[in-house]
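The structure appears below as C-alpha cells.
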Amino acid sequence: MKMYLELYASLMHLLPPGKSRHQREISVNEGTTVQDVIESYHIPPEMAHIVLVNGHFVCDERDKHILQEGDTLSIWPPVAGG
Amino acid sequence: MQRSLYLDPAKCTGCLQCEMACSYEKLGEFNPSRSLIKVFTFHEEGRFAPYTCTQCDDAWCLRACPVDAITINLSTAAKVVNEAKCVGCKVCTIACPFGTVNYVHETGKVGKCDLCDGDPACARACPTEAITFIDANATGYERMRAFAEKSISAANATAS
Amino acid sequence: MSWTRKILRVNLTEGTCTPEPLNMQWANDYLGQRGLATKYLVEETDPKVHPLSPENKLIMATGPLTGTMVSTGGRYSVITKGPLTGAIACSNSGGFLGNEFKNAGWDMIIFEGRSPTPVYLYIENDLAELRPAEHLWGKSAWEADDILHADHQDPNLRVAVIGRTSENGCLFGCVINDRHRAAGRSGVGTVMASKHLKAVAVRGTLGVAAPHSSDEFFKAVADGKEVLAENPVTGQGLPTYGTQVLMNVINGVGGLPARNMRDVGFEGAENISGEAMHEPRASDGKPNLVTNAACFGCTIACGRISTIDKTHFSIRDKADKPQYQGASGGLEYEAAWSLGADTGVDDLDALTYVNFVCNEDGFDPISFGCTVAAAMELFEAGKITLEDTGGIDLRFGNAEALVAVTEALVTGEGFGAVIGMGSKRLCEKYGDADLSMSVKGLEFPAYDPRGIQGIGLNYATSNRGACHVRGYTIASEILGIPVKTEQTDTDGKPELVKAFQDATALVDSAGICLFTTFAWGMENIAPQIDAACEGDWSVERCLEVGERIWNLERMYNNAAGFTADDDKLPKRLLKEAIKSGPTKGQVNRLGEMLPKYYEIRGWTESGEPTPETVSRLGL
Amino acid sequence: MQHIIIGAGPCGVVAAETLRKKSPSAKITLIGNEPEPPYSRMAIPYYLVNKITEDGTYLRQDQHYKELGIDYLSQPVTSIDTGSQLVTLADQSQLPYDKLLIASGSHPVSPPIEGIDLPHVHSCWTLEDARQITALAKTGSNVVLMGAGFIGCIILESLVKRGVNLTVVEMSDRMIPRMLNETAGGLLKKWCIKKGVKVLTSTKITAISESGSGMQVALDNGDSLLADLVITATGVKPNTDFLQGSGIEVDNGVVVNNRLQTNIPSVYAAGDVARGKDFSTGNFSVQAIQPTATDHGRIAALNMAGMDVEHHGSLNMNVLDTLGLLSYSFGLWMGVEEGDSVSLYNPEAYQYINLRFGVDEDEDVLIGASMLGDTAHVGIVRGLIESRIHLREWKERLLDNPIRLMEAYLARTQEFG
C-alpha cells in the first residue's frame, strides 16, 4: 500500500532521492508499524523523537501503531526553538 | 612532540569562551578585554576569526626587544614575555607583523600568548574545536606561518 | 564576585550620572536582572505612570552570572513599563552588551527623567557621562552604531541603540545591541526614545572577579557545558537549524497560526523553514544561511546569520544600501512566523529583508508582523482601503506589500504610523477590536492556543502580555522536553504553566539564556548560581525566587490597573474552531484552566495574590 | 674565520648571535666603547624613573656572551686598516679580522649655540648621561628640554615623573615632526600641556648662560627661562669619525649595498651607522631605529657567514609613549602624491588615525600610517605594509572607517571576505 514518509532537519539525508523537500511516497506492506518504517529507513531510535502520523503524536507503542493506506508519517530528531 | 594552537575560523561561533578562559588563566578574572587571544567578527561575511600569536620561528618580537625580555620556553617553543624584565618600551608591538603583542596599560608591560605552559586554556574552553592544541606539523596554522614566511620575510630579506 | 554591587543612576533631566551601591537585600530576594530590576522599578515608580512620561524609568540590568564563563552568561534585560501594553515590560537580550556592562563594573543602570535634547550614555569603566546625540538622532540603529564606533575609534565598543521607529513613536520599538540582538518586546525602545536617549555605548575592561567558590564554580560550569553539548537539542539541533527548525514541527502538529490566526496550518511553511535556509538558491547557488553564531559565552550558538538573494526584488535596486548586501542576523522562528505565516508570505528572501530592517531600525518583528496581519485581514474585509494604505495592496500573501509597509513604518509616515500603533490600537481604529491577536496589547507569538492548550493559558496570564518566553510550555506540549504532555489536554496545564513561568523568571534573573533549559533543569542551574553567589542557592530557593518575581510582576500590573479580566484570549481563539488539519475542531479552553491556575498560584478569584501568598513569598 | 663587530648595541649583539648560530666554529669579537656591558638606550627612560636598575638596561644576561663564545671588549676603536684587515683600539692593540661589521651606532648632536658646553647641559644618550640627569633632575628643579623629537618625547615622561618643572623647546612647528603631522603633533602638544608641561614650538634656544646657581636660557622670541638643567635632544649622527682614512665610503652614514656590504668587500655596516635600504622608498638612508638595527645586524651577519641574503629594505617605524599617550608611525606616513588617505580625529579622546595608500597598481596597498592613542594589534600595520597586500574591497571599507584595520588584515590574509 502507498503512504507518505516525511523526514525533517538532520534526518532529511535519510530520504531516498526525490523532488519534494521532505516527503516521499513509499510502498509498505499491510500491517507495517511506525517502528518498522523507522527501522527500514535506518533512523536511529533516539533520533526519532517527534513522530507524527497525520499530525498526531505517536509517543509510546510505535511498534503497535499500524499504518494505513495514505497515512503521512512525519519524523523529527530532538529539536527545540523559541 | 611540539604542539601548536590550531585556529579554525570556520568552526568559530564567536562565543568568546576562549577570551574568558585566557583572562581567567592569566588574571584570575573574566576580562575579555585583556585576553591574549582575540576573536574578530566579520559582520558582513558572517565569519569569526580567533586570533593569537603563532609562536613564529622568526620571532620578530624577540629580536626587537631591547632588553632580552622575550625568551623562548624550551619545552613549548612559546615566545614568553618576562614581566620582570620588560620595560614597556612597546618596540615589539610594532615589530610583530601579526599584531599579536600588545601593550597592557594596567601593567605597563606587553602581553602575548605563552601557550599556558603547554596546556592552553583557550583550547580547553572552546566548545566547537575552533581552537585546538595539536601536533605542530599537522596544524593548518601553517597558513599564518606561511603567510609570514612568504610575505614578511620576503619583504625584509631573502636568501638566494 | 557575581554582582559588582554597583548600580548607575542616570538622571536624564538633570544630565547626571551617579553611582550607588546595589541593594544586597533585594539581590538576595530577587537575584538579578529581571527580578531585581523589577523590584527597583516597583519601589521607585508609580505603577500608574504613563509609560512614555519622564516619570517612568527604564532599567538595563545584568544577572549575577552575566560576564562569567557559565554557558550563555551574557544576558541583560531592559525593564520598564511598556507603552504597547501598559504592563510591566522586561525584554531580554543576548549579544555582547551584558558582559560589557559587567566588565565596566555595573550591575544595573537606572534611567530616569527625560533629557531636553538627544543624548547617549557613554560608559568606560567608572567613567559614565551623557553626551550629545543630535548627530545620531534620526539615524538607524546600525548607522548610529557605526558612527559611535568611529567617533570613539574603538572596535570593541558595545552599543545598545534605538532605531528611527522608536523615535517616530512606533509603540513596539526595540533596544538593539550588537546590530542584531534585541531587547525586543513591549516597546522598551520607545520608552528609551521618550527619554531622548539614543544609545548606550559601553567599554568595560575591569574584569568580572572570580567567583567566591572557584573550584565548585568551574566544576558546575563544566558540568553544565557538558550537559548542553551532549543534549541533542542544544548540542546539535539548535546550532544546525536554529529556532527555525520549529516551522515545520509546529505546522506539522497543527499548532502554526496563519493569516492573523484566521487559519491554523500554513501551506508555505516549509519554504520559510530552517531547512529551507540551508538550501542553495537558484541565483548564486548559495544558501540563505551563512553560519550559526553565538552570543557572549554561549556554547549552543543557535543564532542565524543569513544573506538575501542579491537578485531579490527587496534589495535588487538598493545599491545605495550596502547593509543589505552582506550577511546579518536572522531569521529566527518567531520572526519567520510573524512576518511570514501570519501575513501569508512564504518568500524567504522577503522575510530576511524585513527582518534585517527590523534589526536596522529597531522594532519587534512579532508585533510588527502581527499588526500587518491584522491590517491585512481588515484590508481584505474592506475596512482598510487602498487610500488608507497609501496605495499598498495589503492582501495576505503579498510580499511586495509587506516590504512596502515595512519601509513605511521606518519613515513613520502615512500608513507606517498606523502600523506603529500595534494591532490593538489599529483594530480599534478600524472598528474591529476583536481582530487584534494580542493579550494585554502584546501580539501573539507563533503557537496557536487552540491547537496547544497550555501555551494559551501562559499567554493569557503572562505578565507582559502574549509571550511564549514567559512560560514556554511548548517544550513539554510539543517537543517532549522534559516530558511530553498532550497538547490538546487542559489537565495538568495550570501546574505546567506555573512551573515554567516560575523557572523562567529565575533563569531570566540569573544572566543566562532560557534556551539552556532545553537541556538544563533547575538541578543544573542552581549549582552554578550557588557557586557564583554568596549564600545558599538551592533548587528550592531558586524556584521560590522565581515565584516571588512572578508575583511581584503581577502585583505591579494589578496596581497599574490590570485585573483578572485582562487574563483573556481574543474571541477568535475561544470561539472559532480550527478548520482543518490534525487539530481540527479545537478551540482554547481557557476557562477550564484559569481558575485552577489562580488557585495554585495562591491568588484570589479576581487574580490577586492572597495575603498568605504575599506573606509566604515575603513580598 | 675571525669576525669582528664594532659596536655593542642591539645591532652588534644580534649580529654576533646570528654569526654564532651560522658559524659555530668562527672566532667572534664584539667591541663596545662604554664601560658597561652591552645595554639598550631604549631602556634609559625607564632607568630614569627607577622602574629598573642599571642592569635592567642590559641587552643580555651576564654570562650570555661567554656561553656563546663571543669575546666582548670594551675599548674605543681608533682606526681600521682595510688593506691588512686590522682594527686598532685605543690602547694601540690591533686585532686582525676576516670579516668586519661596523655597527658603531650614532651620537647625539647639539646645535652650536653659546653655552652648550656648560656643565649642567646634557644630552640623554648614554647610561652616564642618565646618571647625571638623575642627579640634577630633582623635584622642583627647573629643567629645559631642547627638542621634542623621538628622544625628547621618550624622556619627557621620566622628567615629569621626577617632579621637575619642565619646559620643552622645539624649533619646529610641532612635536615629533619626523613622525607626526600637524594634526597629531598638535594634539600631542595639547596632551603634554594638559599634563602640566610647558611646550614651546616654533621656538629656538639662542644662548645658555650661567645665572646664580643655575642657568638662563635665552629664546629667539625674546623670552628667557631659568634652568637648573638643560637636556639637549636635537638629533643624532652616525659614528663614522674613526673610519677616516680606512677607504670605507661614508656619506652621512656608511654606504652599503643591499647585502649591507660596504665598498670594501670584507667590511659590512649595519644599524644606526649604515645607510641601509628603506623598504618604502627603495632608497638608502640612515633610519636610526631599533627594529632596523636588529634587522640589519641579522642580515649583515648572515652575509658575513657566507650566505647570500638580500636585504629588501627595512620599514621605518616608530612607537612613542609620551606621558601615557601613545604615538605610532609606519612607512610613508606622510603619503605619496595622488595616493588616497583617510583619517579619524577625536581630540577629546586624544585619538587620531591616519592611513595612507599607494598609487596605480598599489592604490589598494597600505604604504604608511600614523596614530595617536591606544591601537590594539598595531603590528599588523607593519604586516600590511611589508607584505604589500592588496586590500581590494577592504580599502573602501577602511576609507569609510579606518579602525577596521585589523579586520582588513585578517580578511585579506586568511582569505575570507
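The values are calculated or read from the model by the stated rules, or taken from the named source; none is laboratory data. The structure presented is a predicted model; accordingly, all values stated were derived computationally and were not measured. As a convention, Cβ positions derive from the backbone with ideal geometry for all residues, glycine included, and neighbour counts pool all protein chains shown. The accessibility values were calculated without ligands, DNA or RNA, using every heavy atom of the protein model including side chains. Shrake-Rupley method; radii C 1.70, N 1.55, O 1.52, S 1.80 Å.
For the range D:179-203, enumerate the residues that are without any contact (Cβ under 8 Å) to a residue 40 or more places away in the chain, in a loop (DSSP other than H, G, I, E, B) and open to solvent by 50 Å² or more (accessible area, probe 1.4 Å).
Passing the criteria: D:G196, D:S202.
How about the range C:455-475: which of its residues are within 21 Å of C:T516 (Cα to Cα) and either away from chain A (no Cβ under 11 Å) or in contact with a strand residue (DSSP E or B) (Cβ under 7 Å, 6 or more places away or on another chain) (or both)?
C:I455, C:N458, C:S462, C:C467, C:R470, C:G471, C:T473
Do we have any residue at all in the range C:105-120 that's part of a helix (DSSP H, G or I) and touching a strand residue (DSSP E or B) at 6+ places or on another chain (Cβ under 8 Å)?
no
Applying the selection to the range C:152-166, what residues are open to solvent by 10 Å² or more (accessible area, probe 1.4 Å) and either in contact (Cβ under 8 Å) with a residue 40 or more places away in the chain or in contact with a strand residue (DSSP E or B) (Cβ under 6 Å, 6 or more places away or on another chain) (or both)?
C:H152, C:Q153, C:D154, C:N156, C:R158, C:R164
Working only within the range C:111-125, note down all residues that are under 13 Å from C:S194 (Cβ atoms) and under 24 Å from the mean Cα position of the chain (by Cα).
Once the filter is applied, which keeps residues that are under 13 Å from C:S194 (Cβ atoms) and under 24 Å from the mean Cα position of the chain (by Cα), the range C:111-125 yields C:F111, C:E112.
Is it the case that some residue within the range C:259-266 is modelled with pLDDT under 95 and among the basic types (K, R)?
no
Could you please find all residues in the range D:273-289 being at the interface with chain B (Cβ under 9 Å from one of its Cβ atoms), in contact (Cβ under 8 Å) with a residue 60 or more places away in the chain and farther than 17 Å from D:G383 by Cα?
Listed by number, the list is empty, since nothing qualifies.
Does the range C:551-573 include one or more residues that are modelled with pLDDT of 95 or more, small (G, A, S) and under 25 Å from C:L479 (Cβ atoms)?
Checked against the condition, which is being modelled with pLDDT of 95 or more, small (G, A, S) and under 25 Å from C:L479 (Cβ atoms), the range C:551-573 yields no hits at all.
Just need a number here: residues in the range B:76-85 that are assigned to a loop (DSSP other than H, G, I, E, B) and open to solvent by 10 Å² or more (accessible area, probe 1.4 Å).
Result for the range B:76-85: 6.
Would you be able to say whether some residue in the range C:242-265 is surrounded by fewer than 24 Cβ atoms within 10 Å (Cβ to Cβ), closer than 21 Å to C:A294 by Cα and more than 8 Å from chain A (Cβ to nearest Cβ)?
For the range C:242-265, residues surrounded by fewer than 24 Cβ atoms within 10 Å (Cβ to Cβ), closer than 21 Å to C:A294 by Cα and more than 8 Å from chain A (Cβ to nearest Cβ): absent.
One line per residue, one yes/no per condition, for (1) open to solvent by less than 10 Å² (accessible area, probe 1.4 Å); (2) touching a Lys or Arg at 6+ places or on another chain (Cβ under 9 Å):
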| position | (1), (2) |
| --- | --- |
| A:H49 | no, no |
| A:N54 | no, no |
| A:E61 | no, no |
| A:I66 | no, no |
| A:E69 | no, yes |
| A:A80 | yes, no |
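Determine whether the range C:71-89 contains at least one residue that is closer than 30 Å to C:A229 by Cβ and open to solvent by 10 Å² or more (accessible area, probe 1.4 Å).
yes
Would you say B:N102 is open to solvent by 30 Å² or more (accessible area, probe 1.4 Å) and facing chain D (nearest Cβ under 7 Å)?
Answer is yes for this residue.
Across the range A:46-82, what is the number of residues that are under 25 Å from C:C302 (Cβ atoms) and away from chain C (no Cβ under 11 Å)?
Here the count works out to 1.
Please determine, by comparing only the residues of the range C:167-197 that are in a strand (DSSP E or B) and touching a helix residue (DSSP H, G or I) at 6+ places or on another chain (Cβ under 6 Å), which one is farthest from the other protein chains (Cβ to nearest Cβ).
Per the criteria, the residue is C:G173.
Got at least one residue in the range C:213-236 being over 18 Å from C:A61 (Cα atoms), open to solvent by 10 Å² or more (accessible area, probe 1.4 Å) and in contact with a strand residue (DSSP E or B) (Cβ under 9 Å, 6 or more places away or on another chain)?
No, because not a single residue in the range C:213-236 is over 18 Å from C:A61 (Cα atoms), open to solvent by 10 Å² or more (accessible area, probe 1.4 Å) and in contact with a strand residue (DSSP E or B) (Cβ under 9 Å, 6 or more places away or on another chain).
Which of the numbered conditions does D:R174 fail, given that it passes all the others? Conditions: (1) touching a helix residue (DSSP H, G or I) at 6+ places or on another chain (Cβ under 7 Å); (2) part of a strand (DSSP E or B).
Here D:R174 clears every test but (2).
Restricting attention to the range D:217-247, report how many residues are open to solvent by 70 Å² or more (accessible area, probe 1.4 Å) and of a type outside the set (D, E).
Of the residues in the range D:217-247, 5 are open to solvent by 70 Å² or more (accessible area, probe 1.4 Å) and of a type outside the set (D, E).
Condition check ((1) within 28 Å of C:G95 (Cβ to Cβ); (2) more than 10 Å from chain B (Cβ to nearest Cβ); (3) without any contact (Cβ under 8 Å) to a residue 24 or more places away in the chain) across all residues:
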| site | (1), (2), (3) |
| --- | --- |
| C:N231 | yes, yes, no |
| C:D284 | no, yes, no |
| C:S306 | yes, no, no |
| C:K318 | yes, yes, yes |
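Given A:E6, A:E25, A:E30, which one is out of contact with any Pro (no Cβ under 6 Å at 6 or more places or on another chain), in a loop (DSSP other than H, G, I, E, B), touching a residue at least 12 places away in the same chain (Cβ under 8 Å) and among the acidic types (D, E)?
Within the list A:E6, A:E25, A:E30, the selection yields A:E30.
Listed here are the residues, each with its yes/no results for (1) basic (K, R); (2) open to solvent by less than 20 Å² (accessible area, probe 1.4 Å).
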{"site": "C:M522", "(1), (2)": "no, no"}
{"site": "C:E540", "(1), (2)": "no, no"}
{"site": "C:I549", "(1), (2)": "no, yes"}
{"site": "C:A564", "(1), (2)": "no, no"}
{"site": "C:K579", "(1), (2)": "yes, no"}
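For D:H377, state whether it is open to solvent by 10 Å² or more (accessible area, probe 1.4 Å), touching a residue at least 24 places away in the same chain (Cβ under 8 Å), on the phi > 0 side of the Ramachandran plot and within 8 Å of another protein chain (Cβ to nearest Cβ).
Yes: the conditions hold for D:H377.
Say whether the condition of being assigned to a strand (DSSP E or B) and either open to solvent by 10 Å² or more (accessible area, probe 1.4 Å) or within 12 Å of chain B (Cβ to nearest Cβ) (or both) is met by at least one residue in the range D:384-396.
yes
Within the range A:17-40, restricting attention to residues that are at pLDDT below 95 and under 19 Å from C:N248 (Cβ atoms), which residue is surrounded by the fewest Cβ atoms within 10 Å (Cβ to Cβ)?
Looking at residues that are at pLDDT below 95 and under 19 Å from C:N248 (Cβ atoms), I get A:K19.
Would a scan of the range D:315-329 turn up a residue that is over 24 Å from D:G185 (Cα atoms) and either facing another protein chain (nearest Cβ under 10 Å) or open to solvent by less than 10 Å² (accessible area, probe 1.4 Å) (or both)?
no
Output the number of the condition that C:T485 fails; it satisfies all remaining conditions of (1) surrounded by 24 or more Cβ atoms within 10 Å (Cβ to Cβ); (2) within 14 Å of chain A (Cβ to nearest Cβ); (3) of a type outside the set (K, R).
Only one criterion in (1) surrounded by 24 or more Cβ atoms within 10 Å (Cβ to Cβ); (2) within 14 Å of chain A (Cβ to nearest Cβ); (3) of a type outside the set (K, R) is unmet by C:T485, namely (1).
Do we have A:I43 as touching a strand residue (DSSP E or B) at 6+ places or on another chain (Cβ under 7 Å), more than 8 Å from chain C (Cβ to nearest Cβ) and buried (at least 16 other Cβ atoms within 10 Å of the Cβ) here?
yes
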